[in-house]
Structures are given as structure tokens and as C-alpha cells.
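Report on the structure given below.
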Amino acid sequence: MKIVVIGGTGLIGSKLVTKLRNHGQEAVPASPNSGINSLTGEGLAGAMKGASVVVDVSNAPSWEDAAVMNFFETATRNLLKYGAAAGVKHFVALSVVGTDRLSESGYFRAKIAQEKLIKSSTIPYSIVQATQFFEFLKQLADISFDGKKVRLPDALFQPMAGDDVASAVGRIAVGPPLNSTVEIGGPELFRIDELVRRRLTPLNDSREVIADPNARYSGAKLDERMLVPGKDAQLGETRFETWLTQPAAKAAAGAHK
Ligand SMILES: NC(=O)c1ccc[n+]([C@@H]2O[C@H](COP(=O)([O-])OP(=O)(O)OC[C@H]3O[C@@H](n4cnc5c(N)ncnc54)[C@H](OP(=O)(O)O)[C@@H]3O)[C@@H](O)[C@H]2O)c1
């Protein structure tokens with residue numbers, strides 16, 4: 001089965017392409033580096049020719065409010081248009097647990113717009129909402145640093161390994177379209193500040209990490225459980241302490257700056 005992976009060179013996309021190929025699928029990574037651009041439409045018709053499934057695991061290069069909205073709206077419209085023309089049977093997209101509760105954030109307004117376009121398209125779909133990736137924790141510290149302290153919302157989350165995200169997305173991509181949203185998450189619940197502290201320690205990053213009731217998540221004020229998936233979520237296996245010992249943790253230390 002030909003499966004086009006939009007953002008197939010990214011953190012999740014590259015893992016997904018490898019996993020699909022290991023399972024005998026014809027996975028085609030698509031990104032601007034390989035001349036395929038969802039924002040401009042360049043290369044999409046050729047990439048999607050003969051494809052059964054399109055998986056969108058791309059991300060916007062800029063998270064500024066207007067730029068990220070333009071990215072997800074324009075790119076999703078293009079992907080759905082070229083996908084429908086090519087007779088694609090299943091459109092899968094990666095989103096974030098709690099997206100619908102986070103409309104105070106420009107980034108999440110863009111993800112809401114992306115999900116809405118997919119739900120109203122003629123192509124059968126599956127939306128996979130994942131919790132935060134372990135690989136994202138260092139970047140979360142960086143974007144939450146005010147020059148003195150890392151200030152994080154005083155709330156819970158249930159993050160997961162990127163490898164488990166890719167496995168779940170791959171499983172769903174080769175299955176029948178759900179025409180609904182499925183949540184995936186990690187096996188453990190943490191306070192956000194506690195886990196970011198535990199991530200920075202082995203990196204010898206001595207910045208002070210605090211829970212600040214006024215800190216926002218990507219511009220949104222959080223309630224205690226806004227980032228936590230529901231009871232039907234599919235949970236990945238990898239625990240945080242296990243992930244820390246894996247090569248992925250080392251690779252992620254330098255990534256996403
Ligand atoms: N970070 C988290 O904790 C988290 C949690 C849940 C869900 N998510 C979602 O997961 C998704 C993927 O995140 P990620 O961290 O794996 O992304 P990433 O590593 O930043 O990779 C982004 C990918 O998008 C591609 N891309 C950028 N502009 C493009 C364009 N115009 N056309 C086609 N491809 C384009 C990039 O291609 P190049 O390599 O060519 O630039 C790259 O392959 C996002 O949608 C995000 O919302 C993230």
C-alpha cells in the first residue's frame with residue numbers, strides 16, 4: 001500500500017516512515033527538502049499519485065499566531081484537495097490531546113482549524129491526538145524560560161515517547177478510517193514542572209524550574225487536567241525513565257532548539 005507521509009523527515013515522520021517500511025508498506029516521505037510542499041502545493045499531485053493513505057505529521061516552521069494559522073489552513077486545504085483528486089482512501093493527521101480546550105492559544109486555534117477542515121472533507125479520516133512527546137520537554141523548557149527561571153503551568157500531563165507516537169499513528173494508518181478522533185498518551189501522569197526538572201538534570205541544565213500559576217502553555221491558561229487524555233486513550237509502553245536511557249533521549253537533547 002502506498003502511504004504518503006507529509007512531514008516524513010520530522011521527528012515523528014522519520015520514525016513512522018521506517019516503521020511502515022519495516023512492515024512492508026510503500027512509505028513515501030514528503031517534505032520541502034524533497035520538493036514536496038503542502039503550503040504551496042508543489043509536488044503534491046505527483047507524490048499522491050496511486051496513494052491509498054496520506055498521513056500528515058508536518059508542523060509549522062513558525063508558531064507565531066498568523067503564520068501558524070496560515071500554515072495549517074492552507075496546507076490542509078491543499079492536502080485534502082490533491083488527496084481527493086488522487087482518490088486517497090484514508091487521511092490521517094496527528095494533533096494534540098486537549099486541542100479543543102486550548103483555543104486561547106494561537107497554535108491550538110490553528111490545530112482546531114486543521115481538524116475542522118479534515119472532518120468536513122470528503123476523504124475518510126482518522127485524527128490522532130497525542131500528548132506531549134518526551135522529546136519536546138527540553139524545548140518546552142526553552143520556550144518557558146524568562147531569562148531567570150523556567151516557568152511552567154501548575155498542571156498535570158501524560159507525555160509519551162516519540163517512538164510510541166509513531167507506532168500508534170502507523171497502526172491507525174494501515175487500518176480502516178475511524179472517521180473520528182482517537183487519543184494516545186504515555187503510561188504515567190506527571191506534574192509538568194516535575195518532569196521538566198527530571199529532563200534537565202541529566203542534561204546538566206541547571207536552570208531553576210518552577211510551577212507558576214500564571215504561566216501559560218503556548219499562550220493558553222491551563223486547568224489541572226486540560227492536557228490529560230480521557231479514559232479511552234491508547235497508552236504507549238515506554239516509561240520516562242526507560243526513555244531516558246535510550247538513544248532517542250540523547251538525540252532529542254540537541255533537537256528542537
Ligand atoms: N511536540 C509535541 O509534543 C506534540 C504533541 C502532540 C502532537 N504534536 C503534533 O505532531 C506533529 C509533528 O510534530 P514533529 O515534532 O514531529 O514535527 P517536526 O519534527 O518539527 O517536523 C516537521 C515536519 O514538517 C515538515 N514541513 C514543514 N513545512 C512543510 C511544508 N510546507 N510542506 C510539507 N512538509 C513540511 C518538515 O519538513 P523539513 O524537514 O523539510 O523542514 C518536517 O518534516 C505536529 O503537527 C504537532 O502539532 C506535537
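The values are calculated or read from the model by the stated rules, or taken from the named source; none is laboratory data. These figures come from a predicted structure and were not determined experimentally. Cβ placement follows ideal geometry from the backbone for every residue including glycine, while neighbour counts extend to all protein chains displayed. Just so you know, the surface numbers come from the protein's heavy atoms only, side chains and all, with ligands and any DNA or RNA stripped out. Shrake-Rupley method; radii C 1.70, N 1.55, O 1.52, S 1.80 Å.
Residues in the stretch 62-88 that are on the phi < 0 side of the Ramachandran plot, open to solvent by 10 Å² or more (accessible area, probe 1.4 Å) and small (Gly, Ala, Ser): 62, 66, 67, 84, 85, 86.
A quick yes/no check of all residues on (1) near the ligand (Cβ under 6 Å from one of its atoms); (2) among the hydroxyl-bearing types (Ser, Thr, Tyr); (3) not in a strand (DSSP E or B):
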residue: 9; (1), (2), (3): yes, yes, yes
residue: 24; (1), (2), (3): no, no, yes
residue: 29; (1), (2), (3): no, no, no
residue: 38; (1), (2), (3): yes, yes, yes
residue: 42; (1), (2), (3): no, no, yes
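Of everything in the stretch 1-18 that is closer than 19 Å to residue 37 by Cβ and among the hydroxyl-bearing types (Ser, Thr, Tyr), the residue that is most open to solvent (accessible area, probe 1.4 Å) is 9. Within the stretch 109-143, being open to solvent by less than 20 Å² (accessible area, probe 1.4 Å), touching a Leu at 6+ places or on another chain (Cβ under 9 Å) and more than 9 Å from the ligand (Cβ to nearest atom) holds for 118, 123, 126, 127, 141. Can residue 238 be described as outside any strand (DSSP E or B), open to solvent by less than 30 Å² (accessible area, probe 1.4 Å) and of a type outside the set (Gly, Ala, Ser)? Yes.
All conditions in (1) open to solvent by less than 70 Å² (accessible area, probe 1.4 Å); (2) within 16 Å of the ligand (Cβ to nearest atom) hold for residue 203, with the sole exception of (2). If you filter the stretch 144-183 down to residues that are within 13 Å of the ligand (Cβ to nearest atom) and assigned to a helix (DSSP H, G or I), you find that the one that is most open to solvent (accessible area, probe 1.4 Å) is 163. Pairing each residue of the stretch 49-69 that is touching a residue at least 24 places away in the same chain (Cβ under 8 Å) with any residue that is open to solvent by 60 Å² or more (accessible area, probe 1.4 Å) and within 15 Å of the ligand (Cβ to nearest atom), provided the two are 6+ apart or on different chains, yields C-beta distances under 7 Å for 69/109.
Tell me yes or no: at least one residue of the stretch 133-140 is part of a loop (DSSP other than H, G, I, E, B) and either aromatic (Phe, Trp, Tyr) or over 28 Å from residue 22 (Cα atoms) (or both). No: zero hits. Scanning the stretch 89-108 for residues that are of a type in the set (A, V, I, L, M) and either touching a residue at least 60 places away in the same chain (Cβ under 8 Å) or surrounded by 22 or more Cβ atoms within 10 Å (Cβ to Cβ) (or both) turns up 92, 93, 94, 97, 102.
Of 66, 47, 30, 75, all but one fail to be in contact with a helix residue (DSSP H, G or I) (Cβ under 7 Å, 6 or more places away or on another chain) and not acidic (Asp, Glu); the exception is 30.
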